[in-house]
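Below is one structure, written out as structure tokens; comments come after it.
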Amino acid sequence: MLAGLCTNVVFGFIRAAILFAAIASAGGHLAGYSRGSMSAYVWLSQGLLGAVELSIQPTDVAERIRTGDIAVDFTRPVDVQGSYLAADLGRAAYTLIPRGLPSVAVGALTVGLVMPSSVLPYVLGLVSVVLGVSVSFFCRYAVNILGFWLVETRGVRTFYIVCATFFAGLFVPVHMFPAWLRVIADATPFPSILQSPIDVLSGRVIGDDAVRVVVIQAGWVVATCLVGRVLTAAGRRKLEVQGG
Amino acid sequence: MADLARVADWSAPYRAVIASRIRAQRSYPVSFGLDLFGSLLVGVTEFAEVWVIFHNVSVLGGLTFHAVLLVFGLSNLAFSAADLVVGHIDTLPTYIRLGTIDAFYLRPQPVLAQLMTSELSLRRLARIAVAVAALVAGLVTNDIEWSAAVVAMLLIAFVGGAVIFAGLFVCAAALQFFLINGAELTNSFTYGGSYASSQPASVFPSPLKALFGYLVPVVFTAYLPTLWLLHLPGPAGLPAWLAWFTPVAAAWVCLAAAQLWRWGSHHYQGGGG
């Protein structure tokens, strides 16, 4: 965990330096960001990165499908997708404490963040983070479940990780995208994973706008959950496990 | 001729291993195609991140978009070449954890040499292609007075840069003997170094400049050579003429890598069993 934190902080400093230089070059304001709010974006995204997990570990569901262990999951009296979601929410909550909060603290102490002073953005922000983690989980689950049809999922995983990190706004905020790229990003669930929780938490969107962002996130939770359920049901019909 | 024959003789096992790896990777063409495509996409999105910033501003850290093409191309070319040849030693923690590294110690070849020559991931060629495209675009769009010195600088930057990144991979692997599962920590200077090297170093605050300028000297791979090629003055502490000292930076990384590897591989006590 400490190792992850250290790397998180180094990347945070590099990203902050680049984006600060871009803001200075643009004359102090860029795509609605000032130096302080850009700092909040950088350090919140570094802090949330561990929780929302944009990469896919091969040890997830895909590996259990490959080995046939998934059959055991199907015989359990709990919903397969639901049980993996529960485990992932627990994992996310755990990474927030030793890795997320210290990352934000380092940013606050070294470069300073502009954060909202009222309570509401934090409450709504917490909801938004939970929804973001859920969207991320449902997307990763759907990609992993493709293992029912594909022997090797590395190609699909790489494709997912690249698209997810870029469109979630990990290296450059989605708000800095040119209009056409923004349209593409908004057509994917990825901004709901990282950019939306940051926008709500940092107070970039407030009031009705913030509620609208959270509702869009909830919409993606439902959509990605359904895709995962349909794929699971189809895969279960196809599944054939040898041995006994 | 005798020397040449000896080199051919010495490299025969390596060539056999590499040929078998290449055949293996090509025997599943769809999977290999997806891998290549994924690798290409990684390169393209990394470039897109730079491009999005320049969509918003015209100058970053004193460099124009055309100048940044050179930095991006040089840094990515050096990194992906190093990644192709030695990047797979990041599987070392798996060998250590499973205890299978013991088998490497028993064979009559240096452990590091065995690890380095164990694989050649052809999919990484796709990233090299992206880097070459950016570099060529940078060389064409910038006003460069071609001379022997320019060619020499490009060669020094590429070879020196690749050696620097390869050395960093070895340093990271050597630390795994102590950290066991510390890839997350060493990523901060391998992948973090690669990321930092593709950016104009002038934007960094002083501690980062010292870190990536001298301790983990990745600014020598792309930023300094670009400054020299375009006759630009460097920021305080990183003057453009330092680019000629890229071989010194590479030697420093190699020295650190050799020492760390010696400590690491001697520290290893065996997996038992």
* Asked: If we keep just the residues of region B:167-182 that are surrounded by 22 or more Cβ atoms within 10 Å (Cβ to Cβ) and either among the aliphatic types (A, V, I, L, M) or at the interface with chain A (Cβ under 7 Å from one of its Cβ atoms) (or both), which is nearest to A:Asn8 (Cα to Cα)?
  -> B:Ala172
* Working carefully through the options A:Ala168, A:Ala164, A:Ala185, find the one that is more than 10 Å from chain B (Cβ to nearest Cβ), free of Cβ contacts under 8 Å to residues at least 40 places away in the same chain and closer than 20 Å to B:Val44 by Cβ. => A:Ala185
* To do: Sort out which residues of region B:218-238 are in contact (Cβ under 8 Å) with a residue 12 or more places away in the chain, in a loop (DSSP other than H, G, I, E, B) and either more than 16 Å from B:Pro200 (Cβ to Cβ) or open to solvent by 10 Å² or more (accessible area, probe 1.4 Å) (or both), and write them in order of number.
  => B:Leu230, B:Leu232, B:Gly234, B:Pro235, B:Gly237
* Structure fact -> Across (1) within 30 Å of A:Gly82 (Cβ to Cβ); (2) in a helix (DSSP H, G or I), A:Trp180 clears everything bar (1)
* Structure fact -> With criteria (1) basic (Lys, Arg); (2) within 9 Å of chain B (Cβ to nearest Cβ); (3) open to solvent by 40 Å² or more (accessible area, probe 1.4 Å), A:Arg35 comes up short on (2)
* Structure fact -> Considering residues that are within 20 Å of the chain's Cα centre (by Cα) and at the interface with chain B (Cβ under 7 Å from one of its Cβ atoms), the number found within region A:11-32 is 1
* Matching residues in region B:32-44 - criterion: being crowded, with 17+ Cβ neighbours inside 10 Å and either in contact with a Gly (Cβ under 8 Å, 6 or more places away or on another chain) or at the interface with chain A (Cβ under 8 Å from one of its Cβ atoms) (or both) -> B:Leu34, B:Asp35, B:Gly38, B:Ser39, B:Leu41, B:Val42
* Residues located in region B:188-208, provided they are within 9 Å of chain A (Cβ to nearest Cβ), farther than 14 Å from B:Ala82 by Cβ, of a type outside the set (A, V, I, L, M) and part of a helix (DSSP H, G or I) -> B:Ser188, B:Gly192, B:Tyr195, B:Ser202, B:Pro207
* Taking the stated definitions as given, is A:Ala51 surrounded by 23 or more Cβ atoms within 10 Å (Cβ to Cβ) and away from every other protein chain (no Cβ under 12 Å)? -> yes
* State which residue pairs qualify: first residue in contact (Cβ under 8 Å) with a residue 60 or more places away in the chain and among the aromatic types (Phe, Trp, Tyr) and inside region B:110-139, second residue outside any helix (DSSP H, G or I) and open to solvent by 50 Å² or more (accessible area, probe 1.4 Å) in any location, beta carbons under 8 Å apart, and separation of 6 or more residues or different chains. => none
* Asked: Is it fair to say A:Val156 is surrounded by fewer than 18 Cβ atoms within 10 Å (Cβ to Cβ) and over 24 Å from A:Gly100 (Cα atoms)?
  -> no
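The values are calculated or read from the model by the stated rules, or taken from the named source; none is laboratory data. These numbers come from a predicted model, not from an experiment. Cβ: placed from backbone, ideal geometry, glycine included. Neighbour counts: every protein chain shown. What goes into the accessible areas is simple: the full protein's heavy atoms, side chains included, and nothing from ligands, DNA or RNA. Shrake-Rupley method; radii C 1.70, N 1.55, O 1.52, S 1.80 Å.
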